[in-house]
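Peer 1: Mind having a look at this structure? Questions to follow.
No lab work stands behind these numbers, since they all come straight from the coordinates. Source: prediction; values computed, not measured. Reconstructed Cβ throughout: ideal geometry from the backbone, glycine too, with neighbour counts over all protein chains shown.
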Amino acid sequence: MEVVPVKLTSLDIRKQEFKRVFRGLDPDEVTAFLETVADAFEALNRERLQALDREAGMQEKVERYVQMETTLQEMLKTAQLAADDVRENART
């Protein structure tokens, strides 16, 4: 899974400035909303990074299990060959 860097930061959101126009929006309300958005953005980014860490850990586990499966298959094949040899020797 490719990690796509987030180019927008919570600081960008907090520092965003807008031009003032006559009868424009309430600057305090805009600032309060941007703070809320920035906080939510930070929380989502933390969750995203934690999910990426968990995914990496799970991928490592999958790789270990694949190695274990290969080893078990080799052991089973060896055991089957040994059993075949025992049966063959028992016949003679």
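Peer 1: How many residues are more than 30 Å from Ser10 (Cβ to Cβ) and of a type in the set (A, V, I, L, M) if we restrict to the stretch 41-92?
Peer 2: Here is the first cut: in the stretch 41-92, the residues more than 30 Å from Ser10 (Cβ to Cβ) are 60-92.
Those still in the list that are of a type in the set (A, V, I, L, M) too: 62, 66, 68, 72, 75-76, 79, 81-83, 86, 90.
Residues flagged as more than 30 Å from Ser10 (Cβ to Cβ) and of a type in the set (A, V, I, L, M) within the stretch 41-92 amount to 12.
Peer 1: Phe18 fails exactly one of the following numbered conditions: (1) surrounded by 10 or more Cβ atoms within 10 Å (Cβ to Cβ); (2) part of a helix (DSSP H, G or I). What is the number of that condition?
Peer 2: (2)
Peer 1: Take the conditions touching a residue at least 40 places away in the same chain (Cβ under 8 Å) and either out of contact with any Pro (no Cβ under 7 Å at 6 or more places or on another chain) or not in a helix (DSSP H, G or I) (or both) and apply them to Glu55. Does it pass?
Peer 2: Judged against the criteria, Glu55 is a match.
Peer 1: Can Glu55 be described as surrounded by 11 or more Cβ atoms within 10 Å (Cβ to Cβ), within 26 Å of the chain's Cα centre (by Cα) and acidic (Asp, Glu)?
Peer 2: yes
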